[in-house]
Amino acid sequence: MSSLLVPYYEHPSVRPAEWDAIVQAAPRLHGVVLNPASGPGEQPDPAFARTAARLRAAGVRVLGYTDTGYGRRPHSDVVRDLTRHRDWYGTDGAFLDQVAAGPEEFTHYQRLAVAAWDLGCTTLVLNHGTPPDPSYARIADVLVTFEGTWESYRRLRPQPRPGTTDVRLCHLVYGVPAGVDLAELARARGASVHCAVPGAGDHPWGTLPHTLEPTR
């Protein structure tokens, strides 16, 4: 089963070789997060539309990035972004970022999940960055239960699966040295989906996993 989820936040016209490498890795990918402008942007981007079409043609899930502001961003704004991703880039899934983890926000996210499903979303990824309340497992296909540095990840203990649902756990790790097999480490910590990139600082997701880096 494909285990690599790639959030790559660089423009195809600036990093064409990297996007080519992602497309070529299609059989190994659980999905790719498309993020033209911290969301879909204010108007369609033809370069991202072409890239999304290439990914779909290669059989890759295309997940539209949408920030939810830990439950503070209005429902209508999030749904607008989801709609734009679908209409402009043909996304078949959603990657909701900065998702709250507490039970008090669950109803808000349940409404967003229903809206995403109504728009044709077939894969819903919730990025909590930490283990959430078990209720979120009822609405997501993938829960991101860790996002952080390699140094923090090395100290992470195995995470139990939430309830009896089929949800998959995902770990997103940056600052990872070359040669590290994160797939094996992630499985040992309870996650069947992962991504490990060498980047650090404010923009780690502008780098690719070592295993996808193009040959120069």
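Worth a mention:
- Given charges at beta-carbon only (K, R positive; D, E negative), |dipole| of the chain in Debye: 420
- Ligands, DNA and RNA left out, the accessible area of the chain computed with a 1.4 Å probe is 49% carbon and sulfur.
- Mean separation of Cα contacts under 8 Å, 6 or more apart, over the residue count of the chain: relative contact order %: 18
- Charge dipole (segment 76-157, unit charges on Cβ, about Cα centre) - positive-most of TRP88, LEU143, VAL99: LEU143
- Rolling a 1.4 angstrom probe over the protein heavy atoms with all chains in place gives segment 103-161 an accessible area of 50 Å² per residue.
- Shown is the FRET efficiency for GLU151 and HIS210, computed with R0 = 25 Å from the Cβ-Cβ distance and rounded to the nearest 0.05: 0.90.
- In the full protein context, segment 1-50 carries 44 Å² of accessible surface per residue, based on a 1.4 Å probe and ignoring ligands, DNA and RNA.
- Cα gyration tensor shape for the chain, rounded if a/c is under 1.5, else prolate or oblate: oblate
The values are calculated or read from the model by the stated rules, or taken from the named source; none is laboratory data. Note that the structure is a prediction, hence the values are computed from the model and not measured. Backbone-built Cβ (ideal geometry, glycine too); neighbour counts: all protein chains shown. Surface areas here come from the heavy atoms of the whole protein model, side chains and all, with no ligands, DNA or RNA. Shrake-Rupley method; radii C 1.70, N 1.55, O 1.52, S 1.80 Å.
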